[in-house]
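A.B. asks: Can you keep this structure in mind? I'll have questions shortly.
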């Protein structure tokens, strides 16, 4: 009876470990955890009570970091390539906009006549 319970416990544990390994492979596609599975630190962490997924991530941390750096570099290169092919939108020119003088000194004769006409019509104008 006890051997059957142990066998059932081992099968259940193996199934949970398989699920954890599948989740890790889905989270980090293209990363092989073979090196981590054979690492003696994995057994020590499992004996200490750490769950399988966390233990395998801890043991494979250097590989995971390298994979994530490569993945981030690849994604950044893709974004740069996509943005380089896009046409520039209006209004985002690299040069600054032209500066215009303001004030009474810069008004043309036509502008001054328009202001006079509006003042005579009763409008209050501030410059």
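The values are calculated or read from the model by the stated rules, or taken from the named source; none is laboratory data. Because the structure is predicted, anything quoted here is derived from the model rather than measured. Every residue, glycine as well, gets a Cβ built from its backbone with ideal geometry; the counts of neighbours run over all protein chains shown.
A.B. asks: Answer with yes or no whether residue 18 is modelled with pLDDT under 85 and not in a helix (DSSP H, G or I).
C.D. replies: No; evaluated as a whole, the condition is false for this residue.
A.B. asks: Let me ask another. Within region 42-57, which residues are over 30 Å from the mean Cα position of the chain (by Cα), more than 15 Å from residue 14 (Cα to Cα) and surrounded by 12 or more Cβ atoms within 10 Å (Cβ to Cβ)?
C.D. replies: Result: 44, 45.
A.B. asks: Condition first: in a loop (DSSP other than H, G, I, E, B), at pLDDT below 85 and touching a helix residue (DSSP H, G or I) at 6+ places or on another chain (Cβ under 6 Å). Can you find one or more residues in region 39-50 that meet it?
C.D. replies: Checked against the condition, which is being in a loop (DSSP other than H, G, I, E, B), at pLDDT below 85 and touching a helix residue (DSSP H, G or I) at 6+ places or on another chain (Cβ under 6 Å), region 39-50 yields at least one hit.
A.B. asks: Which members of region 21-32 meet the condition of being in a loop (DSSP other than H, G, I, E, B) and either loosely packed, with under 13 Cβ neighbours inside 10 Å or over 27 Å from the mean Cα position of the chain (by Cα) (or both)?
C.D. replies: Within region 21-32, 29, 30, 32 qualify.
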